[in-house]
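Remarks on the structure that follows.
The values are calculated or read from the model by the stated rules, or taken from the named source; none is laboratory data. Everything quoted here is computed from the prediction, not taken from an experiment. A quick note on method: Cβ atoms are made from the backbone with ideal geometry, for glycine too, and the neighbour counts reach across all protein chains shown. The protein model used for the area step is the full one, side chains on, heavy atoms only, and it has no ligands, DNA or RNA in it. Shrake-Rupley method; radii C 1.70, N 1.55, O 1.52, S 1.80 Å.
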Amino acid sequence: MKYICNPINIEYKYQFNSVQDGQFTINREAADPSIILFKGKYYLFASMTAGFFTSDNLTDWEFHPLKGVPIYDYAPDVRVIGDYIYFSASKRDSNCSFYRTRDPLNSPFEKIEGSFSFWDPNLFVDDDGRIYFYWGCSNVTPIYGVELDPISFKQIGEPVELIFGNQQEHGFERIGENHISSKTPEQIEETIKGYLRANPGLSEEQINMLRKYLSDSPYIEGAWMDKHDGKYYLQYSCPGTQYNVYADGVYVSDYPLGPFTLAKNNPYSYKPGGFIPGAGHGSTMEDKFGNLWHTSTMRISVNHPFERRIGIWPAGYDVDGELYCNQRYGDWPMKIEQLRMDPWCNPEWMLLSYGKPATASSFEEGKVPSNATDENVQTWWKAESNEPGEWIEIDLLQVCDVHAIQINFADDQLDVVPPDGVTLQNTGSSKRYIDERKHVTRWLLEGSEDGQHYFVIEDKSEVDTDLSHDLIVRENGIKVRFIRCTVKELPFNQNACISGLRVFGTADVKPPQQATNVTVNLLSELDLSVKWDDVGAVGYNVLWGYTPEKLYHSYMVFGKDEVNIGALMKGQPVYVRVDSFNEKGITEGEVIKVIG
């Protein structure tokens, strides 16, 4: 395999989250990823996986159970220091420890005695061997930093307050779907009254702290530090993992503990549109060939707010030292070569399946087959029964040259209970059980040029793997019009349920026209409206940046000829370009200056 298609194709573990009265929500989760390169191999650690993944090429990942460390603690951080991998993770209001090993595949982690209370940790070793530690996850408190003793890992000096949220000037930090908060002052005050009835002895200071906690202040969390050309890049995530605008921002300093200045290119990791949105709380790593990669958390958040996945994107530093990440087509197939790559190359294959007719063997009311082609991970086709053999089929409307198919399985309000004898673990935000049992996802994928004669594209009817976002690649292409997926077996014997049967390649159509009559309107200092005439394209990518050469941000839209961008930075120039794309290719628009 030389390709990935976000969310990456790994085993996402099921979580049993306790809600009330012995009831559970069940969903898959992996989030807050740290990727490192250690002794020629890539290691991926993520929250709530009960293990870690290894790869030699960033495309094929192998799962390994994680023993001897707190697997129910959130936001696992891993760093290479000398011959060791150092590990830490967090549980709110608890003392957390550090662990290390020379060989995570064959040797256990040993505990380092130094410990203190932190959340969302990140360890960083400077060029001179001094070690620094960053942490924070709150809409009240900041990201902190402190130097650590390299032997005992105890703090040297007092922690330093590094960065706070500032949603009045940083549009991308505002909470809510598309940065639109659903909270009202009246709702907040009613909630506070309820707290006061239950806790009448709260002080004025505690009430004010509670008011800020309940407000629309963003969560500032997920610190990650990198150094480049003598500058320190403190990355952080905001405003909340359950929103499509979950992002990573970056501050820069000449010193590891600041003072820090907000970078001009912010948020540098941001993916609000497309099939699966979200690109916050991650890590940045240089691979074996000098390529920079950023990995972050992607959002589903239907069965549970923490129903999340992992994405990887090319990143880099430009000539001015600005950290960037290319997420323009961030959930399409992407080739990862074992050499130095161009981080801004366009995708090889185009999306063929959006809006195409879909039929199925059966479906539940509201869970229609067309949900599998609407490029929305939060909607899905669901069969009426859980019998093996339920199927869904897409008609591409013409014979196309197909190169990749991504099958995205969904979970729909599963009614199952944890195994007998398990103990729910406290994660600091909920009580849960990570299901470590072996599950399988089995299916048959077939194709046809005429809808009568079918051939096998891929048969996974007898595999022992559980890949809920599987990617099938035919690098040389196959000629096909109809694509049918027959579901054979799923975890918990659930009904067949697919949120995206996504097909990529090329079709015999003309390239899309350039977007016309593009108009931009500043709605506020932080909000921008962009409109254009629909030219019949499959979709549009709205790009923007603070110079015409640095259109590093993007918002992919389908079925619309307008979008509101709420991620502006106060007082900063803005340039916009609207690109159109279809089954043949991409046509770039003209760059428009908005303010400056």
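Of note:
- Rounded percent of accessible protein surface that carbon and sulfur make up, the range 497-588, 1.4 Å probe: 43
- Computed over the range 409-532, Kirkwood Rh from alpha-carbon pairs, angstrom: 19.5
- Area of Cys96 that stays accessible when all protein chains are in place (1.4 Å probe, Å², to 10): 0
- In the context of the full set of protein chains, the chain has a per residue accessible area of 40 Å² (1.4 Å probe).
- Solvent-accessible area of Ile180 with every protein chain in place, 1.4 Å probe, in Å² to the nearest 10: 120
- Relative contact order of the range 10-127, pairs being alpha-carbon contacts under 8 Å that are 6 or more residues apart, as %: 17
- Inter-centroid distance (Cα atoms) of the range 49-97 relative to the range 102-181, Å: 15
- Modelled label reach - Asn166, point 7 Å along Cα→Cβ, the range 305-339 residues with backbone N closer than 18 Å: 323
- Of the GluC sites (Glu not before Pro) found in the range 464-567, the ones in coil according to DSSP and having at most 16 other Cβ atoms within 10 Å of their Cβ are Glu525, Glu549.
- Rolling a 1.4 angstrom probe over the range 313-410 with all protein chains present gives an accessible area of which 48% lies on carbon and sulfur atoms.
- Ranking by accessible area, most exposed first, for Leu414, Leu501, Leu196 with a 1.4 Å probe: Leu196, Leu414, Leu501
- Rounded accessible area of Glu588 (nearest 10 Å², 1.4 Å probe): 100
- Relative contact order of the range 166-245, defined on C-alpha pairs under 8 angstrom at six or more residues apart (%): 38
- Hydrodynamic radius (Kirkwood) for the range 96-197, which is based on Cα pairs only, to one decimal in Å: 17.1
- Length-normalised contact order of the chain in % [C-alpha pairs under 8 Å, at least 6 apart]: 13
- Global form of the chain, assessed from the alpha-carbon gyration tensor, a/c cut-off 1.5: rounded
- Ranking by accessible area, most exposed first, for Val125, Val250 with a 1.4 Å probe: Val125, Val250
- Cα gyration tensor, the range 16-58 - rounded (a/c under 1.5), prolate or oblate: prolate
- Helical contribution to [θ] at 222 nm, DSSP H n ≥ 4, -39,500 (n - 2.57), averaged over the chain, rounded to 500: -1500 deg cm²/dmol
- For the range 277-352, the set of chymotrypsin sites (Phe, Trp or Tyr not before Pro) satisfying both a DSSP loop assignment and a count of at most 12 other C-beta atoms within 10 Å is given as Phe289, Trp344.
- Averaging the Cα positions of each part gives two centres, and for the range 278-346 and the range 457-503 these lie 25 Å apart.
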